[in-house]
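J.: What follows is a single structure, and I will ask about it in a moment.
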Amino acid sequence: MTEASRHSSLIKITTVIWLGLSVAWVDADKLIRDGDEEGHVGAAELFLGDLNTGSWLSFLERLWIGPMGEYPQAFAAGVGAWWWAWDGGLPSATAVRVICLLSLLVTAFATARIARRYVPNESKDAGELIAYITVLSLPLGNGLTRHFMPEGALMAAVAIALLWAHRLVERPSVSRALQLGVVLGLGFLTKQTFAFLVAVPLLWVLRRLGRQSVAMLALSVVAASVISGPWWALNAADQLSYGANSLSNSAAGGVWAHLVYYPHVLLVLGLGPALALSSVFAGQSLRKQSDQRGWIFGLMWLIGGLIILTLIPKKYPRLIAPLTPAIGIWIAMAWARAGGRRMALSGLGIGAILSVIWASVSTNPHFLPEKTVDLGCPQIWLRPPAQDDHGLSTVQQTLSSQPNGAIFVEQDYEIPCAIQTTHNWSTHLSPYLRRSGQERDVHTDENKTHDFIIRVGPTEGTIPIWEDSVHMSIRDRLTP
C-alpha cells in the first residue's frame, strides 16, 4: 500500500468513526429545541411545504427572493429539501437531523485540501489527514452541527470559498472564476456574517492573481451577484434595519469586556484547551520557518474575522465557529515540520478528541464569558444527549386517539435556562403535534374555544415533563 492510499484509508476510517459517534449522539438526544434552532426549523418547514405541494417554483422563489425574516435562506432550503426527501414528519427524527452533520465533514475536507497546499511535498498526505482530524475535533463545530443552526453550514461555506480561491489562483480560468462566484453567492445566502468571516483571508489569497485579478474577480462578482443579488436587493430595507439593531446593541461591560469576549470564547469554547495549546505550539514553530505563507493565511482566516466580529457590539459565541478550522492549517504544517516534537502534537491531538467525546457524554462547566456583553441565556451546543423531550411525545400519543380539537394550556411551564434557551413549553406543543399529523390549535387563553385542557405545574398530573419536579395532566374540557 502506498503512502497516499494509506492516508486515504485513514481519512475514510476517521469519517466512519466520527459519523458513527455523531449519529449515535443525535439518535439519543431528545431535548426540546433551542429557541433560535426552532426558528430555523420553522423556516425549513415552509420549504418543506412547497415541496409537499409539488411547487418547485415556489421553493426556488422563496430561496432566491422570498422575504423570510432576518436571515438568508440557503440553510433552511437545504434542510427543507432533505426533510422532504424523508417524507416529512418530525424534524427530530435522526434521519432528518443528520443533514447538519455533513457541514463539518465538508468543512474538514475543504480545510484539509487547503492544508495540503502549505506543507512540504513529502508530507502532503499526512498534512491533509492531520488537518482533517483536527477540524473534526473542534468542540464548537461538533456542537453546532448536531443542531439545526446555520453557523454549521457557514463553516462549510467559508472553507469551500477559501479552497476555491486557492484553486483559482493556482490555475486562473473563466470556469474556476465562475465556480468561485457560485460558492460565494451561496455563502451570502447562508448568513450575513459570511462576508465578515471570508473577506480578509479571501482577499489575501486572491492578491496573488496579479494582472489577471480584475477580470477574474469581475467574473466571480457577476456569478455571486446572480446567485445572491436578488435576495439582498429585495430584502435590503429589512437587512439594514437588522444591521442597525445589531450595531446598537446596548449590552454593558465596557470596551475591555468586548475586546476579550471573542478571544475568551475562541480558546475555551471554539477550540478547547488541547487544540488551543496545539495552535500556540504550532504558531511558535511556524514563525521560525522560511515559508510563512500558510502561517499568514491561517492568521488572516482566524484573526481577520475575529477583529471584524469584535467591532460588532452584538455578540454570540457561535459566530466564531467558521473561524476555528484555520488552526487545522497550522497544526498540519507544524506536524510536517515538527520532527521530534510530533509526540507532543500527537498527545494534544488525542486530548482534543477525548475532550470532545467526554463533553458529549458528561456535563461539564462551560466557563462562559461575563454576561455583561451577551445578556441572554447561555446557548450550550456541546453537551450530553438528553432522553427527556418534556412530555411532548407523551401528549402526542395521548391525544392521537382523541377527536380533533383545540387545546388550552391552563398553566404553562417556563423552561429555565439551565435546561434550554428556548420559549415556554406551550409554544413547542403546537408544531410538535402538527408535524406528527395532528392539526390542533394550542393556546393559553381560557376564553378561546377549546376541547382539551393541559395543566403543567410542580405537582399537578401524572405525566412528567422534566425529571420529578414538573408534571402535566390532560383532561377533556367537560371533565371537572
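J.: No other cysteine beta carbon under 4.7 Å away is the test; run it over the chain and list who passes.
T.: C100
J.: Can you tell me, using C-alpha contacts under 8 Å and at least 6 residues apart, the relative contact order of segment 36-171 as a whole percent? Mind showing how you got there, number by number?
T.: Details: 138 pairs, mean separation 36.0, N = 136.
26 percent.
J.: Convex hull volume of the Cα atoms in segment 392-476, per residue, in Å³? Working shown, then result.
T.: Working: hull volume 7.6 nm³, N = 85.
Measuring per residue, one finds 90 Å³ for the Cα hull of segment 392-476.
J.: Can I ask one more? Residue-wise, which Karplus ³J(HN,Hα) couplings in Hz belong to segment 169-181, taking 6.51 cos²θ - 1.76 cosθ + 1.60, θ = phi - 60°, and x for glycine or proline?
T.: Those phi angles translate into 5, 5, 8, x, 7, 4, 4, 6, 5, 5, 4, 4, x Hz.
J.: Let me ask something additional. Sequence gap at least 6, Cα distance under 8 Å: using those rules, report the relative contact order of the chain to the nearest whole percent. Walk me through the intermediate numbers first.
T.: Working: 747 pairs, mean separation 86.2, N = 480.
That works out to 18 percent.
J.: Is it possible to state the helix-based mean residue ellipticity at 222 nm for the chain, with each DSSP H run of 4+ residues giving -39500 (n - 2.57), the sum divided by total residues, to the nearest 500 deg cm²/dmol? What is it? Present the calculation step by step, with values, prior to reporting the outcome.
T.: Details: 20 runs with 285 residues, N = 480.
Helices in the chain give a 222 nm mean residue ellipticity of -19000 deg cm²/dmol.
J.: Relative contact order of segment 392-476: what whole-number percent is it, with Cα pairs under 8 angstrom and at least 6 residues apart?
T.: Relative contact order for segment 392-476 comes out at 31 percent.
J.: Here's a follow-up. Where does the charge balance sit around V356 when Lys and Arg score +1, Asp and Glu -1, over other residues with C-beta under 15 Å from its C-beta?
T.: Values: positive: R146, R383; negative: none.
Net charge in that neighbourhood comes out at +2.
J.: If I compute semi-axes √(5λ) of the Cα gyration tensor in Å from the structure I just sent, which labelled value in [x] 35, 29, 24; [y] 73, 22, 18; [z] 42, 26, 21 lines up?
T.: The calculated read-out lines up with [z].
J.: A follow-up question, please. Straight-line reach from K315: which aspartates and glutamates have a Cα under 19 Å away, not including same-chain ones fewer than 8 places off?
T.: K315 reaches D34, D36, E37, E70, E151, E370, D374.
J.: Grab the other residues whose beta carbon is less than 12 angstrom from that of A112, score K and R as +1, D and E as -1, and report the net. Can you show the working numbers first?
T.: Details: positive: R113, R116, R117, K124; negative: D125, E128.
With Lys, Arg at +1 and Asp, Glu at -1, the net is +2.
J.: Mind giving me the FRET efficiency for L60 and R287? R0 is 56 Å, r the Cβ-Cβ distance, nearest 0.05 is fine.
T.: Numbers: r = 49 Å, r/R0 = 0.87.
Taking R0 as 56 Å, the efficiency between L60 and R287 is 0.70.
J.: Related question: For the pair A386/R342, report the inter-label distance in nm, with labels modelled 7 Å from Cα in the Cβ direction.
T.: It works out to 4.4 nm between the two label points.
J.: Follow-up. Nearest-5 percent of antiparallel DSSP beta bridges in the chain? Don't jump to the answer; show the numbers that get you there.
T.: On the way: 9 of 15 bridges.
Percentage antiparallel, nearest 5: 60.
J.: Also: Which far-off residues, 5 or more places away or on another chain, put their amide H under 5 Å from the one on V470, with H placed in the peptide plane?
T.: I465
J.: In addition: Under a crude label model (7 Å from the Cα following the beta-carbon direction), how far is A85 from T363 in nanometres?
T.: Calculated label separation equals 3.7 nm.
J.: Within segment 311-338, whose backbone N sits under 20 Å from a point 7 Å along Cα→Cβ of A4?
T.: 336, by backbone N distance to the label point.
J.: Report the longest stretch of the chain that contains none of the trypsin sites (Lys or Arg not before Pro) sitting in a DSSP loop with at most 15 other Cβ atoms within 10 Å. Mind dumping the intermediate values first?
T.: Details: sites that count: K30, R287, K288, K371, K448, R477.
It runs 31-286.
J.: Still on this model: Distance from the Cα centre of segment 275-341 to that of segment 153-223, in angstrom?
T.: 20
Each reported figure results from applying straightforward, stated rules to the coordinates on display, with no laboratory input. Treat the numbers as computed from the prediction; the structure is a model and nothing was measured. Positions of Cβ are generated from backbone atoms using ideal geometry, with glycine treated the same way; all protein chains shown enter the neighbour counts.
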